Amino acid sequence: MLKKIPMRMCVACRQSYPKTELLRVVRTEEENIVIDRTGKRNGRGAYICAKTACFEKALKSHAIDRALHVTLDETICSQLAEDVKRAEQTV
């Protein structure tokens, strides 16, 4: 019997991918915004492709803001951009 692969949708391009191929951005209980590499951290999460184009589209359309119910500031955006670039290089 095959194991079911959990699918998640990218908030920017609205395409479904296996959960392990996407980056999870989490708003923690302390109102911090972080990248969750384990996929198990507590808090409200949003998934995004590990592509710079998708990340830029999500920032422009405020898709991450809407999904996490917060307003991202410049420092958080720059940290997330660096994480996306690192993830894009490893894929």
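The values are calculated or read from the model by the stated rules, or taken from the named source; none is laboratory data. None of the values given here were measured: they were computed from a predicted structure. Here the Cβ is made from the backbone with ideal geometry for all residues, glycine too, and neighbour counts use every protein chain on show. To get the accessible areas, we keep the full protein, side chains included, count just its heavy atoms, and leave off ligands, DNA and RNA. Shrake-Rupley method; radii C 1.70, N 1.55, O 1.52, S 1.80 Å.
Kindly evaluate Ala12 against the criterion of being open to solvent by less than 20 Å² (accessible area, probe 1.4 Å) and in contact (Cβ under 8 Å) with a residue 12 or more places away in the chain. So Ala12 fits the description; yes. In region 56-73, what count of residues is obtained for those that are open to solvent by 30 Å² or more (accessible area, probe 1.4 Å), at pLDDT 90 or above and farther than 17 Å from Asp36 by Cβ? So the count comes out to 8.
For region 17-31, the set of residues classified as assigned to a strand (DSSP E or B), surrounded by 12 or more Cβ atoms within 10 Å (Cβ to Cβ) and of a type outside the set (Lys, Arg) consists of Tyr17, Leu22, Leu23, Val25, Val26, listed by residue number. Pairs are defined by a Cβ separation below 7 Å, a sequence spacing of at least 6 or placement on different chains, a first member in region 47-60 that is free of Cβ contacts under 8 Å to residues at least 24 places away in the same chain, and a second member that is surrounded by 13 or more Cβ atoms within 10 Å (Cβ to Cβ); the pairs so defined are Leu59/Cys77. Looking across region 39-58, the residues that are more than 11 Å from the chain's Cα centre (by Cα) and part of a helix (DSSP H, G or I) come down to Thr52, Ala53, Glu56, Lys57. Met1 fails exactly one of the following numbered conditions: (1) within 17 Å of Gln79 (Cβ to Cβ); (2) at pLDDT below 90; (3) open to solvent by 70 Å² or more (accessible area, probe 1.4 Å). What is the number of that condition? Failing condition for Met1: (1). Give region 34-55 a look and list any residue that's surrounded by 20 or more Cβ atoms within 10 Å (Cβ to Cβ), modelled with pLDDT of 90 or more and of a type in the set (A, V, I, L, M), or say none. The answer is Ala46, Ile48. Among the residues of region 74-91, those that are aliphatic (A, V, I, L, M) and either open to solvent by 100 Å² or more (accessible area, probe 1.4 Å) or in contact (Cβ under 8 Å) with a residue 40 or more places away in the chain (or both) comprise Ile76, Leu80, Val84, Ala87, Val91.
Taken over region 9-30, residues that are within 17 Å of Asn42 (Cβ to Cβ), over 9 Å from the mean Cα position of the chain (by Cα) and of a type in the set (D, E, K, R) amount to 4.
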